[in-house]
Amino acid sequence: MLRRLLAIAGKEVRQLKRDRLTFGMIIGVPLLQILLFGYAIDLDVRNVNAAVADHANTSLSRQVVAAAEASQIVTVTRSAAGPEALEALLDAGEIDAGIYIPHDFERRLIDADRPAGQLLINGSDPTVEGIVRRLSSMPLPGQQQPSKLFEARTYYNPEGRSPVNIVPALIGVILHLTMVLFTAIAIVRERERGNLELLITTPVKSAELMLGKIIPYVLIGLIQVSLILWVSQALFQVPIRGNIIDLYLASVVFILAALALGLLVSTLAKTQFQATQLTIFTFLPSILLSGFMFPFEGMPRIAQWIGEIIPLTHFVRLSRGILVRGADLGELHTEVWPLLAFFGVFLVLATLRFNKRLD
Amino acid sequence: MNDAIAIDAKGLTKRFGSLTAVDDVKLQIPEAAIYGFLGPNGSGKSTTIRMLCGLLTPSAGEVEVLGFRVPGQAEEVKLHIGYMTQKFSLYEDLTVEENLRFLAAVYDLPRSDLKQRIDRALEQYWLTEQRKQFAGTMSGGQKQRLALAGATLHRPRLLILDEPTSAVDPQSRRDFWDILFELVEQGTTVLVSTHYMDEAERCHNLAILDRGRLVAEGRPRDLVRDIAAGVVEIETDSPKQARERLEATEGVHSVAQLGTRLHALTDKTIADPAELIRQALKDADIDSEVENVVANLEDVFVAATRLNDQEGSRADAA
Ligand SMILES: Nc1ncnc2c1ncn2[C@@H]1O[C@H](COP(=O)(O)OP(=O)(O)O)[C@@H](O)[C@H]1O
Ligand SMILES: [Mg+2]
């Protein structure tokens, strides 16, 4: 049993190593996506319109405002009388960011526990929100360390989505696409090349074949996760607030679900082209209904129900929870069970459909 | 050779939609002999073989292979069958040795003598030098030997070969058949499909398939002897005219060109077929040399398919 499983897995890895294109895709797809998303996030947002209410009006407070402008994140286009006036400007859409510096600003700076001022942010665009938020820990002029300069207050987007929220979800999106596609193609390719006709005349069991095909891709999926995390940290300073082991465990469970889906796709498709099409067919609802594109809470009830069936939905919650909020897997266990159930059901379906026959 | 039966099939039928690819075939394949399926492309050889291996579910009929019912007990049978598919089905992006090692693991062959077993297979099938070569880069003959090495690695009792020599040069074909006879000597039952007459002649038993039907069965020698037609060989300088003339002659069923000669099949009620032909050609002023000859397998094949035609059209008319 184990021997056959390993033989199939080993063969799969060998073939993969020799298939330059697929091997390239394992690295290329995540890299391309993360760079596209990452730089789209980063480059688009420059010189956000801002207003300043400077009640301290000291040389230091003026330097802070100048430093914020020098970062090119904001451009101060107006000044305001106070926090209410800033809110009014945000409401009116005149500005996307407001900087409020209270009169006791310099005294509050000495108190390390409390932020000295306030940063009001239009959160309706997560991209803008995430970038402007960086100002809240901007180093003080002439210093290197990040400070507790501003308390960030996000408006219009209570759940606080940000690019930091996109990258964790993006891990899931990339995994879904590559994992479903690779497994689906791995089996359909054997059918197309005629290998399957020989393989199913051997004593190999359907389950051995299915699991043997899955194992290498779990490892590949984890390599992809590492790559995405590394790139998004190195280039986009996405934090890892929770335990990285938790994230890997969550990834394994999600990868298994995606692979089982891929196996089922492979039993439905006759050609590699069909397998690709079917994968895209499963990919679209996942992107749209998982909370990756649109906030889950804003979706119609029925879309939410469908969303709950989709593995990506649960993974997005898991990875945002772990990476952004620093939650641990124990707290998030309600998101793990649906993924395991999905894996079980789809693996059984695929194994049943793959009945070692040609008809 | 003994009388034991390796494959026993009754009423074996496979329909794909409205097409009946295999039609009510009855087979009794004896153990430790070479049994041949002879038939043109599309006659249902592969489909029959796939049903015998449990890869396709028959639309009707019963199959017993090595005492196991198929498809019901197909998994048990698979331990004892070696199957060489029509199209090369090992992994082209693995080396010769990797392919064999993979199969060994899949069949769970004992690890203790695995190395010797593979070495011996490589030697026996002249693949030792290709050991590290990717299967996809080998010649037709080498691929075929690798496929056979793979199909026999677990020493199956029944070896099923679907058109094994279609992509192979004549010398390799002869070598290949030598190996088959060795295997049979060791007790293996071989089922082989082909569309080559010379290969069909070497089988111990032969089934002729035509459009899904089994139209003749027996030892090649008996088939040739019992042919239900007179066989006449004609040598002439104007074969085209001779052929036209004979096809219009009463009592002549068919005329086929075999190399430089014509073979005419005549109704079995005609006492001296050569005389009939000679007369017909003389009437048409065609110079020729005509003689009654012993039938060959090609004649058997033509006669059998012609009968199948008639039955077919009679069935259509009804
Ligand atoms: N999976 C299939 N679906 C539909 N028709 C098929 C299928 N397999 C074979 N056929 C048809 O059945 C007939 C017999 O095919 P096959 O058994 O491959 O013949 P052979 O092996 O003698 O060349 C052909 O007409 C072929 O087109
Ligand atoms: Mg065939």
message: At 20 °C and a viscosity of 1.002 mPa s, what translational diffusion coefficient does Stokes-Einstein give for the range B:114-259, taking Rh as the Kirkwood radius over Cα pairs? Give it in µm²/s as a whole number.
response: 116 µm²/s
field: Kirkwood Rh (inverse of mean 1/r, distinct Cα pairs), the range A:270-328, angstrom
entry: 12.5 Å
field: Buried on assembly, the range A:338-359 (at least 30 Å² less accessible surface than by itself, 1.4 Å probe)
entry: A:Lys356, A:Arg357, A:Leu358, A:Asp359
- prompt: If we sort B:66-75, B:207-216 on the protection proxy, mean other Cβ atoms within 10 Å, highest first, what's the order?
  reply: B:207-216, B:66-75
task: Find the Cα radius of gyration of chain A, compare it with 2.2 N^0.38 Å by division, and give the number to two decimals.
output: 1.21
field: GNM top mover of B:Gly17, B:Gly218, B:Gly136 - chain B, alpha-carbon springs below 10 Å
entry: B:Gly17
message: At 1.4 Å probe size, put B:Lys14, A:Lys270 in order of accessible surface, largest to smallest.
response: A:Lys270, B:Lys14
query: Which whole-Hz ³J(HN,Hα) couplings does the range B:208-219 yield from phi under the Karplus relation 6.51 cos²θ - 1.76 cosθ + 1.60, θ = phi - 60°, glycine and proline marked x?
result: 9, 10, 9, 6, x, 9, 8, 9, 7, 8, x, 6
Cα-based radius of gyration of the range A:48-155 once divided by 2.2 N^0.38 Å, which approximates compact folds: 0.96
statement: Rounded to one decimal in nm, the spacing of the 7 Å Cα→Cβ label points at A:Asp328 and B:Lys115 is 5.0 nm
- request: Taking a cut-off of 29 Å between Cα atoms, list the lysines near B:Lys268, but don't count ones fewer than 8 places away on the same chain.
  value: B:Lys26, B:Lys240, B:Lys282
Anchor A:Lys11: aspartates and glutamates whose Cα lies under 15 Å away (excluding residues fewer than 8 positions away in-chain): A:Asp19, A:Glu190, A:Glu208, B:Glu92, B:Asp93, B:Glu97, B:Glu98
statement: Taking only the Cα positions of the range A:164-265, the convex hull volume per residue in Å³ is 94 Å³
field: Label-point gap, in nm, between B:Ala60 and A:Ala88 - each point 7 angstrom along Cα→Cβ
entry: 9.1 nm
statement: Taking the chain alone as reference and the full protein assembly as comparison, with a 1.4 Å probe on protein heavy atoms only, the residues of the range B:104-135 that lose at least 30 Å² of accessible area are B:Ala105, B:Val106, B:Tyr107, B:Asp108, B:Arg111
statement: A 1.4 Å probe over the protein heavy atoms gives the protein assembly as shown a carbon and sulfur accessible-area percentage of 54 percent
query: Residues of the range A:238-359: accessible area per residue at 1.4 Å, in Å²?
result: 47 Å²
- request: Give the Debye-formula value of log10 I(q)/I(0) at each listed q (0.09, 0.12 Å⁻¹), with one equal scatterer per alpha carbon of the protein assembly as shown, two decimals each.
  value: -0.87, -1.21
field: A:Leu35 versus A:Lys17: modelled label distance in nm, points set 7 Å from Cα along the beta carbon direction
entry: 2.7 nm
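Among A:186-196, A:307-317, how do they line up by average Cβ neighbours within 10 Å per residue, starting with the highest?
Values: A:186-196: 20.0, A:307-317: 23.2.
Peptide ranking by packing, descending: A:307-317, A:186-196.
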query: Too long at a 20 Å Cα-Cα cut-off: which of B:Lys78/B:Lys132; B:Lys87/B:Lys143; A:Lys213/B:Lys115?
result: B:Lys78/B:Lys132; A:Lys213/B:Lys115
query: Within 10 Å of each Cβ of B:146-153, how many other protein chain Cβ atoms are there on average?
result: 1
- request: May I have the pair-distance distribution P(r) for the range A:162-358, computed from all Cα-Cα distances with 5 Å bins from 0 and rounded to whole percent?
  value: 1, 8, 16, 19, 19, 14, 10, 6, 4, 2, 0
- prompt: Considering the zone a paramagnetic label at B:Arg174 would reach in this model (a point 7 Å from Cα along the Cα-to-Cβ line), which residues of the range B:128-144 have amide N under 18 Å from it?
  reply: B:141-142
query: Per residue, what accessible area does chain B have, given a 1.4 Å probe and all protein chains present, in Å²?
result: 46 Å²
DSSP beta bridge pairing in the protein assembly as shown, given as percent antiparallel to the nearest 5: 55 percent
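Among bridges DSSP assigns within chain A, what percent are antiparallel (round to 5)?
20 percent
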- request: Once every Cα of chain B carries one equal point scatterer and solvent is ignored, give the base-10 log of I(q)/I(0) from the Debye formula at q = 0.10, 0.11, 0.15 Å⁻¹, two decimals.
  value: -0.66, -0.77, -1.17
- request: May I ask for the accessible area buried between chains B and A, both sides summed, probe 1.4 Å, to the nearest 100 Å²?
  value: 2800 Å²
query: For the range A:48-155, what is the accessible area per residue in Å² when the probe is 1.4 Å?
result: 48 Å²
statement: Compactness summary of the range B:1-96: radius of gyration and Dmax from Cα atoms, Å, are 14.3, 43
query: How much length, in nm to one decimal, is gained on full extension between A:Leu2 and A:Met299, taken as 0.36 nm per residue of separation minus their Cα-Cα distance?
result: 102.4 nm
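The values are calculated or read from the model by the stated rules, or taken from the named source; none is laboratory data. Since the model is a prediction, treat every value here as computed from it, not as a measurement. We place every Cβ from the backbone using ideal geometry, glycine too, and count neighbours over all the protein chains shown. What goes into the accessible areas is simple: the full protein's heavy atoms, side chains included, and nothing from ligands, DNA or RNA. Shrake-Rupley method; radii C 1.70, N 1.55, O 1.52, S 1.80 Å.
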